[in-house]
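Visitor: Take this structure first; my questions come after.
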Amino acid sequence: AFGAASEVQPKFTSHSDPASQWTAARKGPAFFSYSDNNLIDMDHGVIVDVEATRSIRQAEVGSTRTMLDRVKARFDLHPERLIADTACGTGPMLGWQVERKTAPHIPVFDKSERTDGTWSRADFGWDAENDQYICPEGQALKQFRRNYSDPNREPTGQGRAKYRALRLTCQACPSKARCCPNMDFRSITREEHEDARQVARDIAKTDQYVISMKLRKKVEMLFAHLKRILGLNRLRLRGPCGANDEFLLATTAQNLRKLAKVLPASQQPRKA
């Protein structure tokens, strides 16, 4: 997670702590920082695991996998659902969760919605049996329109796939102005983990998803206590190990505070 999370060259590098990330996530003056990623039991508000990463989305998403695998190996805990923000709503991350039989209660990271008034990808129906999209006018968008004798040229189902409509069909369509006014035919790109993304979209329509979004207040409250009550606004140690140690100690203090509230205080008899 430190240095290998992204291939983008950082704009600035700290001479005293090269692993830290130059960020302006607070919409203010930029600074070097680390991110505190916590895995929290939403039923009891207890932090199960913690991982320090650079303040970059790819590293934070990777830490989620690390913590889930570590909790599974150490405590044999497997969550039924995972509640997170949009950063974890990418296709590979959602596909990984669906493979682990974990319900992703996560907003989908999707940029396919169009803002110019034309039909978006969500307006097209997906026909999984025939491997094609169906437009609102009932026409098919296919990836291939011929049968190959060589099996190596057939669709593999991996990577991106592009589905196209026939040019003659689009030219004669009465809804061309609402579909592809600046193109001869309509095409749709389907991501590799689109099935997992659709699972997350279907979950977002349920009542349980609404409850999960309300439970995220527990997460924000823990981070607020970490900054305001425990005073962890600035790290005292340098390097990834130092940041991870400070986050681990702060997490331990938070769990002990939670434990002190749960366990009743011992009643000592008063002396006469």
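Visitor: Can we say Ile40 is in the same structural domain as Ala250 (by TED's automatic domain parsing), in contact with a Leu (Cβ under 9 Å, 6 or more places away or on another chain) and surrounded by 13 or more Cβ atoms within 10 Å (Cβ to Cβ)?
Guide: yes
Results for (1) within 20 Å of the chain's Cα centre (by Cα); (2) charged (D, E, K, R); (3) at pLDDT below 90; (4) under 16 Å from Thr90 (Cα atoms), shown as yes or no for each residue.
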{"residue": "Thr169", "(1), (2), (3), (4)": "no, no, no, no"}
{"residue": "Ser175", "(1), (2), (3), (4)": "no, no, no, no"}
{"residue": "Asn182", "(1), (2), (3), (4)": "no, no, yes, no"}
{"residue": "Ser187", "(1), (2), (3), (4)": "no, no, no, no"}
{"residue": "Glu191", "(1), (2), (3), (4)": "yes, yes, yes, yes"}
{"residue": "Glu194", "(1), (2), (3), (4)": "yes, yes, yes, yes"}
{"residue": "Ala200", "(1), (2), (3), (4)": "yes, no, no, yes"}
{"residue": "Ala204", "(1), (2), (3), (4)": "yes, no, no, yes"}
{"residue": "Tyr209", "(1), (2), (3), (4)": "yes, no, no, no"}
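Visitor: Name the pairs whose Cβ atoms lie under 6 Å apart, with the first residue in the stretch 50-62 and under 10 Å from Ala243 (Cα atoms), the second of a type in the set (Gly, Ala, Ser) and not in a loop (DSSP other than H, G, I, E, B), and 6 or more positions between them or separate chains?
Guide: Here the result reads Glu51/Ser63; Ala52/Ala243; Thr53/Ser35; Thr53/Ala59; Thr53/Ser63, each pair linking the stretch 50-62 to a residue that is of a type in the set (Gly, Ala, Ser) and not in a loop (DSSP other than H, G, I, E, B).
Visitor: Going residue by residue through the stretch 68-76, is there one that turns out to be modelled with pLDDT of 85 or more, more than 28 Å from Tyr209 (Cα to Cα), in contact with a strand residue (DSSP E or B) (Cβ under 6 Å, 6 or more places away or on another chain) and not hydroxyl-bearing (Ser, Thr, Tyr)?
Guide: Scanning the stretch 68-76 turns up no residue that is modelled with pLDDT of 85 or more, more than 28 Å from Tyr209 (Cα to Cα), in contact with a strand residue (DSSP E or B) (Cβ under 6 Å, 6 or more places away or on another chain) and not hydroxyl-bearing (Ser, Thr, Tyr).
Visitor: Continuing with the same structure: Taking the stretch 223-240 as the region of interest, how many residues are among the hydrophobic types (A, V, I, L, M, F, W, C), surrounded by 12 or more Cβ atoms within 10 Å (Cβ to Cβ) and part of a helix (DSSP H, G or I)?
Guide: 2
Yes/no matrix, rows are residues, columns are (1) more than 23 Å from Lys218 (Cα to Cα); (2) of a type in the set (Val, Ile, Thr):
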residue: Glu80; (1), (2): no, no
residue: Ala87; (1), (2): no, no
residue: Pro92; (1), (2): yes, no
residue: Val98; (1), (2): yes, yes
residue: Lys101; (1), (2): yes, no
residue: His105; (1), (2): no, no
residue: Val108; (1), (2): no, yes
residue: Lys111; (1), (2): yes, no
residue: Thr115; (1), (2): yes, yes
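Visitor: Consider Phe124 against the criteria (1) under 30 Å from Gln139 (Cβ atoms); (2) without any contact (Cβ under 8 Å) to a residue 60 or more places away in the chain: it satisfies all of them except one. Which criterion is unmet?
Guide: Tallying (1) under 30 Å from Gln139 (Cβ atoms); (2) without any contact (Cβ under 8 Å) to a residue 60 or more places away in the chain, Phe124 fails exactly one: (2).
Here's the yes/no breakdown for (1) over 10 Å from the mean Cα position of the chain (by Cα); (2) over 25 Å from Arg121 (Cβ atoms):
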site	(1), (2)
Arg65	yes, yes
Arg70	yes, yes
Phe75	yes, yes
Ala84	no, no
Ala87	no, no
Pro92	no, no
Gly95	yes, no
Lys101	yes, yes
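Visitor: Which one is surrounded by the most Cβ atoms within 10 Å (Cβ to Cβ) among residues in the stretch 187-219 that are assigned to a loop (DSSP other than H, G, I, E, B) and not hydroxyl-bearing (Ser, Thr, Tyr)?
Guide: That would be His193.
Visitor: Here's something else I'd like to know. Which strands (runs of 3 or more DSSP E) does the stretch 104-152 wholly contain that include 1 or more residues that are closer than 16 Å to Leu166 by Cβ, modelled with pLDDT of 90 or more and not acidic (Asp, Glu)?
Guide: Passing ranges, in order: 132-134, 140-142.
Visitor: Conditions first: (1) in contact with a Phe, Trp or Tyr (Cβ under 8 Å, 6 or more places away or on another chain); (2) farther than 27 Å from Pro18 by Cβ. Arg65 passes all but one, so which condition is the exception?
Guide: In the conditions (1) in contact with a Phe, Trp or Tyr (Cβ under 8 Å, 6 or more places away or on another chain); (2) farther than 27 Å from Pro18 by Cβ, Arg65 misses (2) alone.
Visitor: At least 3 residues that are touching a helix residue (DSSP H, G or I) at 6+ places or on another chain (Cβ under 8 Å) and over 19 Å from Ala250 (Cβ atoms) in each: list the strands (runs of 3 or more DSSP E) lying fully within the stretch 1-95 that qualify.
Guide: Output list reads 81-83.
Visitor: Find the residue count for the stretch 222-244, including only residues that are in contact (Cβ under 8 Å) with a residue 12 or more places away in the chain and not basic (Lys, Arg).
Guide: Count: 11.
The values are calculated or read from the model by the stated rules, or taken from the named source; none is laboratory data. Everything quoted here is computed from the prediction, not taken from an experiment. Neighbour counts are summed over all protein chains in view; Cβ atoms, including those assigned to glycine, are modelled from backbone coordinates with ideal geometry.
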